[in-house]
Amino acid sequence: MRKKALKFLLILIFCLPCRPAIGTELADVQAFLIQLVKEIPTRPRSALSGSGFAKNVSAMDKSEREQAILTQFMRGNLPDFLRRLKPVQLMSKFEDGKTIAVTIFVMPDYLAIGSDRDFLITPMTLRIATEIAIRFGFVLPTRKIVDAIFEQSEFHFTPNPMPPGPQMGSVAYFLKHAQKIEEQRRTSAYPLGALVSGHKKDVVLTNRLAGALGKIAIYGWHWLSGIPIQPLSTIHGKNYVDYSHGIRLVSDTVLIDGEPRSIYEVLEDPKLATILSDEGPIRMVRQLMTIRHPYSIRPASASF
């Protein structure tokens, strides 16, 4: 009965415009959701805005910019709405006739630096993305999770591919693409913090990386029809980044029929993994998420 109450209340909390007042059980659910983001530091009151950050890193080389990105996130400089996770449910019926539901909890949008009023979705290398994810208690999605997020999104952006070229990884391109996204935000009626998709490719986990640890895997950027612009690809090296990439974080705690479980255990399980991965179990998932990184956080006195 307790599991059913938790599951029911999670649905109510995320699906109704106003949160229901259902006493102790509601408090339990809210405590559970808060626990999922407890490793994300509180954003400092003096933190840079998204536009301020972009201005400060525009003249940096890539290595310096990556260091600045890492430091900002490690200090909690991300919008509050990203801390309000959204549930996405995936289900599978097995040969024995049993249906199992897995509820994952994802950030409503891609990682961004800044405040709710002024933020910049921030493309970054795989090494920085995984370091931030581990620090916050999250993982990267699989291809199947990306598809489920798109299917269950409350709002779909129309993709805005930009001309390819050597400037695709520049801050100028990041800003130009962000402007295109913001134009769509302004013309839509969805509230900030709604589950959205369609405006970026995802950096993902895949078994293809098991034999190619020096690569990055990208997938997605769906058209409104649901067809992705980017098939699953590991063509680029792990240090590659361009304006079209987004980092969508997934909590490393999931619910299986209402019971909390580690997403690592699920992705490694021969049976359960098929619910979250169209490749079956993800081999080396823990290693893929904990690769050693060359970047380190600068002292707190630094400007980034």
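The values are calculated or read from the model by the stated rules, or taken from the named source; none is laboratory data. This one's a predicted model, so the numbers in the text were calculated from it and none came from an experiment. Counting neighbours? That spans all protein chains shown, and the Cβs are built from the backbone with ideal geometry, glycine included.
Mind listing just one residue for me: the one in the stretch 273-303 that is hydroxyl-bearing (Ser, Thr, Tyr), assigned to a loop (DSSP other than H, G, I, E, B) and surrounded by 14 or more Cβ atoms within 10 Å (Cβ to Cβ) and, of those, modelled with the lowest pLDDT?
Result: 295.
Give me the residue from the stretch 180-226 that is of a type in the set (Lys, Arg) and out of contact with any Phe, Trp or Tyr (no Cβ under 8 Å at 6 or more places or on another chain) and, out of that set, farthest from residue 133 (Cα to Cα).
It comes out as 186.
Is it the case, given these coordinates, that residue 92 is polar (S, T, N, Q) and either closer than 24 Å to residue 33 by Cβ or crowded, with 16+ Cβ neighbours inside 10 Å (or both)?
no
Checking residue 156 against (1) in contact with a Gly (Cβ under 6 Å, 6 or more places away or on another chain); (2) modelled with pLDDT under 95, which test does it fail?
Just one mismatch for residue 156, condition (2).
With the stretch 109-207 as the region, which helices (runs of 4 or more DSSP H) entirely inside it contain at least 3 residues that are farther than 23 Å from residue 39 by Cα?
143-152, 171-187
Mind checking which residues of the stretch 52-69 are part of a helix (DSSP H, G or I), more than 21 Å from the chain's Cα centre (by Cα) and not charged (D, E, K, R)?
Hits for the stretch 52-69 are 52, 56, 57, 63.
If I filter the stretch 1-54 down to residues being modelled with pLDDT of 65 or more, hydrophobic (A, V, I, L, M, F, W, C) and surrounded by fewer than 13 Cβ atoms within 10 Å (Cβ to Cβ), which single residue comes out as nearest to residue 139 (Cα to Cα)?
Among them, the one singled out is 34.
Would you pick out the residues in the stretch 123-143 that are in contact with a strand residue (DSSP E or B) (Cβ under 7 Å, 6 or more places away or on another chain), under 19 Å from residue 195 (Cβ atoms) and not aliphatic (A, V, I, L, M)?
Listed by number, the residues that qualify are 138, 141, 142, 143.
Return the residues of the stretch 213-266 that are surrounded by fewer than 15 Cβ atoms within 10 Å (Cβ to Cβ) and in a strand (DSSP E or B); say none if nothing qualifies.
Those that are surrounded by fewer than 15 Cβ atoms within 10 Å (Cβ to Cβ) and in a strand (DSSP E or B): 229, 231, 237, 259, 260, 262.
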